[in-house]
Amino acid sequence: MRPRIALLDASHNDPTTPRNFRRELDATVERFSVVDGEFPSTRRFDGLVVSGSRASVYWDEPWITATREWVRNAVADGLSALGICWGHQLLADALGGTVEPMGEYELGYRTVSHGGAGLFDGVPEEFTVFTTHSDAVTELPPGAELIATNDYGVHGFRHGNVYGLQSHPEYDPETAESVVRGKDHLPETRIERVCEEITPAAYERAQPAKRAFDNFLQVVERNRTRPTPQVADD
């Protein structure tokens, strides 16, 4: 049976978020809008994925506090977890790490290096990712391992069966351009320059990073500790 994944959607109901994750994850993915206070029972799922968001994890907003607490409890309950961008930061924060504003924006296709196999099994040591963030994990949670980095800082960590990725391997070119054009607080010249770099060739170079999703599902399979309910795929 395909693993059941709870998608904690923090994107403020952007329809591309569940679409992209359902395309990349060979699993039954059920979406929960955490900004609307939707949280699942962990007993129904084999793993969880936390999406990106336009929010910052250190904002004092009730839905962020609730998401942090739910994730902390789910991880303590043994659920495997993968965080993407904001989700990466939220997981780090929930486990005792530190997230801070960068004072700049990492935006567009960038090169990242990883330190070994695991989540990056089958991915070149230096690989291309699409990035869009102005906050970063500046201190890893106690006991966490740094697994990916570039000149902007932490791009990935592991804490047991919990993984964080700062980049967006789930993005297709349409999503990437839409996100960039939504950064209307940035200079128009920079927005246009980044959009010009969103090409089929760049997207092709970023394909190896998608292996992280298959590798995460292997972690989920190994970490299954209770029977999966017999329910139909979404």
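The values are calculated or read from the model by the stated rules, or taken from the named source; none is laboratory data. Just so you know, these numbers come straight off a predicted model, no measurement behind them. Methodologically, a virtual Cβ is constructed for each residue, glycine included, from the backbone with ideal geometry; neighbour enumeration extends over all protein chains shown. For accessibility, only protein heavy atoms count, side chains too; no ligands or nucleic acids. Shrake-Rupley method; radii C 1.70, N 1.55, O 1.52, S 1.80 Å.
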Per the filter on region 94-129, residues in contact with a strand residue (DSSP E or B) (Cβ under 9 Å, 6 or more places away or on another chain) and among the charged types (D, E, K, R) are Glu100, Glu104, Glu106, Arg110, Glu125, Glu126
Please verify whether region 175-186 includes one or more residues that are farther than 20 Å from Gly47 by Cα, touching an Asp or Glu at 6+ places or on another chain (Cβ under 7 Å), hydroxyl-bearing (Ser, Thr, Tyr) and in contact (Cβ under 8 Å) with a residue 24 or more places away in the chain.
no
Residues located in region 123-176, provided they are open to solvent by 20 Å² or more (accessible area, probe 1.4 Å), β-branched (Val, Ile, Thr) and in contact with a helix residue (DSSP H, G or I) (Cβ under 9 Å, 6 or more places away or on another chain)
Thr128, Ile147, Val154
